[in-house]
1. Taking amide H positions as placed 1.01 Å from N in the peptide plane, with prolines and chain starts having none, which residues 5 or more places from residue 304, or on another chain, fall under 5 Å of its amide H?
2. Provide 131, 174, 269, 230 ordered by accessible surface of protein heavy atoms (probe 1.4 Å), highest first.
3. What FRET efficiency do you get for residue 61 and residue 326 if R0 is 30 Å and r is their Cβ-Cβ distance, rounded to the nearest 0.05?
4. Remind me, relative contact order of region 173-302 in percent, using alpha carbon pairs under 8 angstrom and six or more residues apart?
5. Could you point to the residue in 333, 288, 268 farthest towards the positive end of region 248-333's charge dipole, with +1 and -1 charges on the Cβ of Lys/Arg and Asp/Glu respectively?
6. Mind listing the long-range amide H neighbours of residue 193? Cut-off is under 5 Å, sequence gap 5 or more, other chains count too, H placed in the peptide plane at 1.01 Å from N.
7. log₁₀ I(q)/I(0) of region 167-317 at q = 0.16, 0.17, 0.20 Å⁻¹, via Debye over equal Cα point scatterers, no solvent, to two decimals?
8. Can you tell me the accessible area per residue over region 190-333, all protein chains present, probe 1.4 angstrom, in square angstrom?
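The values are calculated or read from the model by the stated rules, or taken from the named source; none is laboratory data. Predicted, not measured: the structure shown is a model, and the values here were computed from it. Cβ placement follows ideal geometry from the backbone for every residue including glycine, while neighbour counts extend to all protein chains displayed. For the accessible areas, the whole protein counts, side chains as well, though only heavy atoms, and no ligand, DNA or RNA atoms are used. Shrake-Rupley method; radii C 1.70, N 1.55, O 1.52, S 1.80 Å.
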Amino acid sequence: MLYNPSYMKQFYLFLTFLLTICTTNLLAQQDSTVSFVAYWHKGETQKYKVIKKRLEHRNGKETKNETSSYLTSFTVLDSTATSYLVEWKYENTLFNSAPELSAQMESLGEKYRYLTIKYKTDEMGTYQGIENWKEVSKMMSDVFDLVIKNTEVAKKRDFEKAMKPFKTMYSSKEGIESLVLKELQSFHGPYGAAFSLVDTVYYEDMLPNLFGGDPIKANASVYFKPIDYENGTCTFINELNPDSEDTRRMITDMFGKVIASTSFKSAAEMEQKMEELRKTFAEMKMEIRDYNTYTFDLENTWPTLVTTKRTTLMESPGDAGSRVDEVIIERVY
(Lines give C-alpha, C1' and ligand atoms only; values in the text may rest on other atoms or scores of the structure.)
Protein backbone atom coordinates (compact mmCIF):
# COMPACT_ATOMS: atom_id res chain seq x y z
CA MET A 1 0.00 0.00 0.00
CA LEU A 2 1.35 3.40 -0.94
CA TYR A 3 1.13 6.48 1.20
CA ASN A 4 -2.16 8.37 1.20
CA PRO A 5 -2.30 11.56 3.32
CA SER A 6 -5.92 10.88 4.29
CA TYR A 7 -5.02 7.82 6.33
CA MET A 8 -4.25 8.25 10.01
CA LYS A 9 -0.83 7.28 11.38
CA GLN A 10 -2.43 4.55 13.50
CA PHE A 11 -3.43 2.67 10.38
CA TYR A 12 0.17 2.55 9.19
CA LEU A 13 1.38 1.48 12.60
CA PHE A 14 -1.10 -1.37 12.44
CA LEU A 15 0.10 -2.27 8.94
CA THR A 16 3.71 -2.31 10.10
CA PHE A 17 2.77 -4.51 13.05
CA LEU A 18 0.82 -6.83 10.78
CA LEU A 19 3.79 -7.27 8.46
CA THR A 20 6.10 -8.10 11.35
CA ILE A 21 3.96 -11.01 12.46
CA CYS A 22 2.71 -12.25 9.09
CA THR A 23 3.41 -15.78 7.94
CA THR A 24 5.73 -16.80 5.14
CA ASN A 25 2.67 -17.54 3.01
CA LEU A 26 1.67 -13.89 3.17
CA LEU A 27 5.21 -12.81 2.28
CA ALA A 28 5.11 -15.03 -0.76
CA GLN A 29 2.22 -13.13 -2.29
CA GLN A 30 3.20 -11.04 -5.28
CA ASP A 31 1.46 -7.94 -3.93
CA SER A 32 3.08 -8.07 -0.48
CA THR A 33 4.50 -4.71 0.54
CA VAL A 34 6.07 -3.16 3.59
CA SER A 35 5.58 0.46 4.54
CA PHE A 36 8.21 2.23 6.63
CA VAL A 37 6.50 4.22 9.35
CA ALA A 38 8.07 5.99 12.33
CA TYR A 39 6.69 4.50 15.53
CA TRP A 40 8.45 6.81 17.96
CA HIS A 41 7.60 8.27 21.37
CA LYS A 42 8.26 11.68 22.87
CA GLY A 43 11.43 11.60 24.98
CA GLU A 44 12.83 8.52 23.22
CA THR A 45 16.56 8.59 22.41
CA GLN A 46 18.59 6.39 20.08
CA LYS A 47 22.39 6.53 19.87
CA TYR A 48 24.50 5.77 16.83
CA LYS A 49 28.12 5.57 15.78
CA VAL A 50 28.93 7.08 12.40
CA ILE A 51 32.01 5.79 10.59
CA LYS A 52 33.30 7.45 7.42
CA LYS A 53 35.88 5.84 5.17
CA ARG A 54 37.69 6.96 2.02
CA LEU A 55 40.05 4.75 0.06
CA GLU A 56 41.84 5.88 -3.10
CA HIS A 57 44.14 4.06 -5.52
CA ARG A 58 46.03 5.32 -8.54
CA ASN A 59 47.71 3.01 -11.01
CA GLY A 60 47.54 0.14 -8.55
CA LYS A 61 49.00 2.05 -5.59
CA GLU A 62 47.10 3.20 -2.53
CA THR A 63 47.20 6.99 -2.28
CA LYS A 64 44.69 7.64 0.50
CA ASN A 65 43.17 5.62 3.31
CA GLU A 66 41.18 7.70 5.79
CA THR A 67 38.76 6.66 8.51
CA SER A 68 36.95 8.89 10.99
CA SER A 69 34.10 8.29 13.40
CA TYR A 70 31.89 10.11 15.84
CA LEU A 71 28.94 9.44 18.13
CA THR A 72 25.52 10.90 17.52
CA SER A 73 22.10 10.73 19.12
CA PHE A 74 18.52 11.20 17.98
CA THR A 75 15.96 12.36 20.55
CA VAL A 76 12.24 12.74 19.87
CA LEU A 77 11.39 16.15 21.36
CA ASP A 78 7.72 16.09 20.38
CA SER A 79 5.22 13.81 18.69
CA THR A 80 1.87 14.82 17.20
CA ALA A 81 -0.65 13.16 14.89
CA THR A 82 1.02 14.80 11.90
CA SER A 83 4.69 15.28 12.77
CA TYR A 84 7.75 14.57 14.90
CA LEU A 85 10.28 17.09 16.19
CA VAL A 86 13.70 15.43 16.44
CA GLU A 87 16.97 16.62 17.95
CA TRP A 88 20.10 15.31 16.23
CA LYS A 89 23.20 15.93 18.33
CA TYR A 90 26.61 15.03 17.00
CA GLU A 91 30.28 15.81 17.45
CA ASN A 92 31.56 18.84 15.53
CA THR A 93 34.18 17.32 13.21
CA LEU A 94 34.63 20.31 10.91
CA PHE A 95 38.37 20.71 11.58
CA ASN A 96 39.29 17.09 12.30
CA SER A 97 41.38 16.80 9.14
CA ALA A 98 43.59 19.68 10.28
CA PRO A 99 45.38 18.78 13.57
CA GLU A 100 46.31 22.38 14.42
CA LEU A 101 42.73 23.61 13.95
CA SER A 102 41.31 20.56 15.68
CA ALA A 103 43.40 21.41 18.75
CA GLN A 104 41.96 24.92 18.65
CA MET A 105 38.44 23.48 18.57
CA GLU A 106 39.17 21.42 21.66
CA SER A 107 40.45 24.52 23.45
CA LEU A 108 37.08 26.23 22.90
CA GLY A 109 35.49 23.78 25.34
CA GLU A 110 32.29 21.73 25.49
CA LYS A 111 30.11 24.60 24.32
CA TYR A 112 31.32 24.17 20.75
CA ARG A 113 32.09 20.46 20.78
CA TYR A 114 28.67 19.35 19.60
CA LEU A 115 26.27 20.52 16.93
CA THR A 116 22.58 20.22 17.74
CA ILE A 117 20.21 20.09 14.78
CA LYS A 118 16.48 20.26 15.44
CA TYR A 119 14.34 19.20 12.52
CA LYS A 120 10.83 18.08 11.69
CA THR A 121 9.49 14.98 9.97
CA ASP A 122 5.95 14.17 8.91
CA GLU A 123 3.90 11.52 10.71
CA MET A 124 5.62 8.82 8.66
CA GLY A 125 9.15 9.91 9.67
CA THR A 126 9.98 11.58 6.34
CA TYR A 127 12.47 14.44 6.75
CA GLN A 128 10.85 17.90 6.35
CA GLY A 129 13.45 20.52 7.30
CA ILE A 130 15.68 22.12 9.94
CA GLU A 131 13.97 24.23 12.59
CA ASN A 132 16.93 25.82 14.41
CA TRP A 133 19.17 26.78 11.48
CA LYS A 134 19.68 30.33 12.77
CA GLU A 135 20.95 28.99 16.09
CA VAL A 136 23.35 26.62 14.28
CA SER A 137 24.48 29.43 11.99
CA LYS A 138 25.25 31.71 14.97
CA MET A 139 27.20 29.00 16.75
CA MET A 140 29.32 28.16 13.71
CA SER A 141 29.96 31.84 13.02
CA ASP A 142 31.26 32.16 16.59
CA VAL A 143 33.46 29.10 16.06
CA PHE A 144 35.00 30.54 12.89
CA ASP A 145 35.60 33.91 14.57
CA LEU A 146 37.25 32.33 17.61
CA VAL A 147 39.48 30.04 15.55
CA ILE A 148 40.52 32.93 13.30
CA LYS A 149 41.22 35.08 16.37
CA ASN A 150 43.51 32.38 17.80
CA THR A 151 45.38 31.83 14.53
CA GLU A 152 48.93 33.13 14.20
CA VAL A 153 49.08 36.67 12.77
CA ALA A 154 51.17 35.53 9.80
CA LYS A 155 48.58 32.93 8.82
CA LYS A 156 45.45 34.82 9.83
CA ARG A 157 44.68 36.52 6.51
CA ASP A 158 45.10 33.37 4.43
CA PHE A 159 43.07 31.32 6.89
CA GLU A 160 40.29 33.91 7.00
CA LYS A 161 40.14 33.78 3.19
CA ALA A 162 40.03 29.98 3.23
CA MET A 163 37.21 29.96 5.78
CA LYS A 164 35.04 32.45 3.89
CA PRO A 165 33.20 29.83 1.77
CA PHE A 166 32.42 27.80 4.90
CA LYS A 167 31.11 30.85 6.74
CA THR A 168 28.91 31.64 3.75
CA MET A 169 27.61 28.08 3.64
CA TYR A 170 26.68 28.12 7.33
CA SER A 171 24.92 31.48 7.00
CA SER A 172 21.76 30.12 5.36
CA LYS A 173 19.25 27.34 5.96
CA GLU A 174 19.97 25.89 2.52
CA GLY A 175 23.72 25.86 3.16
CA ILE A 176 23.39 24.10 6.51
CA GLU A 177 20.97 21.57 5.08
CA SER A 178 23.39 20.80 2.24
CA LEU A 179 26.00 19.85 4.86
CA VAL A 180 23.79 17.61 6.99
CA LEU A 181 21.16 16.45 4.52
CA LYS A 182 23.16 13.56 3.08
CA GLU A 183 23.33 11.70 6.37
CA LEU A 184 19.77 12.61 7.33
CA GLN A 185 18.59 11.36 3.93
CA SER A 186 20.41 8.09 4.54
CA PHE A 187 18.75 7.85 7.94
CA HIS A 188 15.23 8.93 6.97
CA GLY A 189 15.15 7.99 3.28
CA PRO A 190 12.95 4.87 3.58
CA TYR A 191 10.30 6.46 5.84
CA GLY A 192 7.01 7.11 4.12
CA ALA A 193 7.77 4.72 1.27
CA ALA A 194 6.27 1.32 0.45
CA PHE A 195 8.35 -1.49 -0.99
CA SER A 196 7.65 -4.92 -2.41
CA LEU A 197 8.89 -7.73 -0.20
CA VAL A 198 9.14 -10.25 -3.02
CA ASP A 199 10.05 -8.35 -6.20
CA THR A 200 13.03 -6.27 -7.25
CA VAL A 201 11.84 -2.76 -8.05
CA TYR A 202 13.66 -0.96 -10.87
CA TYR A 203 13.48 2.81 -11.30
CA GLU A 204 15.29 5.80 -12.76
CA ASP A 205 17.06 8.28 -10.48
CA MET A 206 19.10 11.44 -11.00
CA LEU A 207 22.61 12.12 -9.67
CA PRO A 208 24.48 15.42 -9.36
CA ASN A 209 26.98 16.03 -12.15
CA LEU A 210 30.47 15.69 -10.66
CA PHE A 211 31.68 18.55 -12.85
CA GLY A 212 28.61 20.79 -12.66
CA GLY A 213 25.93 21.06 -15.30
CA ASP A 214 22.82 18.96 -15.75
CA PRO A 215 22.34 15.95 -13.47
CA ILE A 216 22.89 12.51 -14.94
CA LYS A 217 20.39 9.66 -15.15
CA ALA A 218 20.99 6.52 -13.13
CA ASN A 219 19.46 3.06 -13.21
CA ALA A 220 18.53 1.92 -9.71
CA SER A 221 16.96 -1.07 -7.99
CA VAL A 222 15.57 -1.95 -4.56
CA TYR A 223 15.13 -5.47 -3.19
CA PHE A 224 14.65 -7.08 0.24
CA LYS A 225 16.54 -9.79 2.01
CA PRO A 226 14.40 -12.41 3.83
CA ILE A 227 13.04 -10.95 7.09
CA ASP A 228 15.14 -11.93 10.10
CA TYR A 229 12.45 -12.92 12.59
CA GLU A 230 14.99 -14.17 15.13
CA ASN A 231 16.56 -10.73 15.52
CA GLY A 232 13.41 -8.78 14.62
CA THR A 233 14.93 -6.89 11.68
CA CYS A 234 14.38 -6.44 7.96
CA THR A 235 16.99 -5.35 5.42
CA PHE A 236 16.72 -3.99 1.94
CA ILE A 237 19.39 -3.19 -0.65
CA ASN A 238 19.50 -0.16 -2.93
CA GLU A 239 21.86 -0.36 -5.92
CA LEU A 240 22.48 2.41 -8.42
CA ASN A 241 24.53 2.77 -11.62
CA PRO A 242 24.65 5.93 -13.77
CA ASP A 243 23.44 5.66 -17.36
CA SER A 244 26.43 5.08 -19.71
CA GLU A 245 25.31 7.72 -22.24
CA ASP A 246 24.84 10.35 -19.54
CA THR A 247 28.24 9.45 -18.09
CA ARG A 248 29.79 10.02 -21.50
CA ARG A 249 27.99 13.37 -21.71
CA MET A 250 29.45 14.31 -18.31
CA ILE A 251 32.95 13.52 -19.60
CA THR A 252 32.29 15.61 -22.71
CA ASP A 253 31.15 18.51 -20.52
CA MET A 254 34.37 18.20 -18.52
CA PHE A 255 36.37 18.34 -21.76
CA GLY A 256 34.65 21.60 -22.69
CA LYS A 257 35.42 23.14 -19.29
CA VAL A 258 39.07 22.12 -19.48
CA ILE A 259 39.41 23.73 -22.91
CA ALA A 260 37.62 26.89 -21.79
CA SER A 261 39.92 27.33 -18.78
CA THR A 262 43.19 26.67 -20.65
CA SER A 263 45.34 29.45 -22.08
CA PHE A 264 47.29 28.90 -25.30
CA LYS A 265 50.25 30.83 -26.71
CA SER A 266 49.16 30.37 -30.31
CA ALA A 267 46.47 28.92 -32.54
CA ALA A 268 48.81 26.08 -33.49
CA GLU A 269 49.43 25.18 -29.85
CA MET A 270 45.70 25.32 -29.15
CA GLU A 271 44.96 22.94 -32.02
CA GLN A 272 47.68 20.54 -30.90
CA LYS A 273 46.56 20.52 -27.27
CA MET A 274 42.87 20.19 -28.22
CA GLU A 275 43.68 17.17 -30.38
CA GLU A 276 45.60 15.56 -27.50
CA LEU A 277 42.75 16.25 -25.10
CA ARG A 278 40.14 14.96 -27.57
CA LYS A 279 42.03 11.69 -27.81
CA THR A 280 42.40 11.43 -24.04
CA PHE A 281 38.74 12.17 -23.35
CA ALA A 282 37.57 9.87 -26.15
CA GLU A 283 39.37 6.97 -24.50
CA MET A 284 38.41 7.95 -20.96
CA LYS A 285 36.11 5.60 -19.06
CA MET A 286 34.21 6.33 -15.87
CA GLU A 287 32.08 4.01 -13.79
CA ILE A 288 30.13 4.82 -10.63
CA ARG A 289 28.45 2.18 -8.49
CA ASP A 290 26.34 2.74 -5.38
CA TYR A 291 25.54 -0.08 -2.97
CA ASN A 292 23.46 0.91 0.05
CA THR A 293 21.92 -1.25 2.78
CA TYR A 294 19.18 -0.38 5.26
CA THR A 295 18.40 -2.56 8.29
CA PHE A 296 15.47 -1.61 10.54
CA ASP A 297 14.15 -2.82 13.88
CA LEU A 298 10.67 -4.23 13.25
CA GLU A 299 9.46 -3.45 16.76
CA ASN A 300 10.17 0.29 16.98
CA THR A 301 11.13 1.05 13.33
CA TRP A 302 14.48 2.70 14.17
CA PRO A 303 17.39 1.87 11.86
CA THR A 304 19.88 -0.57 13.37
CA LEU A 305 22.42 -0.32 10.53
CA VAL A 306 22.64 1.90 7.46
CA THR A 307 25.56 1.69 5.05
CA THR A 308 26.22 3.73 1.91
CA LYS A 309 29.08 2.85 -0.41
CA ARG A 310 30.04 4.63 -3.63
CA THR A 311 32.78 3.22 -5.85
CA THR A 312 34.13 5.50 -8.59
CA LEU A 313 36.46 4.10 -11.25
CA MET A 314 38.17 6.29 -13.85
CA GLU A 315 40.50 5.17 -16.60
CA SER A 316 42.35 7.15 -19.28
CA PRO A 317 45.39 6.35 -21.44
CA GLY A 318 48.28 5.58 -19.10
CA ASP A 319 46.29 6.40 -15.96
CA ALA A 320 43.74 4.56 -13.83
CA GLY A 321 42.27 5.45 -10.47
CA SER A 322 39.57 4.41 -8.06
CA ARG A 323 37.88 5.93 -5.05
CA VAL A 324 35.59 4.29 -2.49
CA ASP A 325 33.53 6.44 -0.11
CA GLU A 326 31.69 4.59 2.62
CA VAL A 327 29.48 5.72 5.51
CA ILE A 328 28.34 3.30 8.22
CA ILE A 329 25.64 4.33 10.71
CA GLU A 330 25.21 1.68 13.38
CA ARG A 331 23.02 1.77 16.47
CA VAL A 332 24.80 1.75 19.82
CA TYR A 333 23.10 -0.28 22.55
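1. Residues meeting the amide H criterion: 295, 296, 297.
2. Sorted by accessible area, descending: 230, 174, 131, 269.
3. 0.90
4. On the way: 145 pairs, mean separation 29.4, N = 130.
The normalised contact order for region 173-302 reaches 23 percent.
5. Going by the Cα projections, it comes out as 268.
6. Here the answer is 36, since their amide H atoms fall under 5 Å of that of residue 193.
7. Each listed q corresponds, in turn, to -1.01, -1.07, -1.24.
8. Values: 7900 Å² over 144 residues.
With the other protein chains kept in place, region 190-333 gives 55 Å² per residue.
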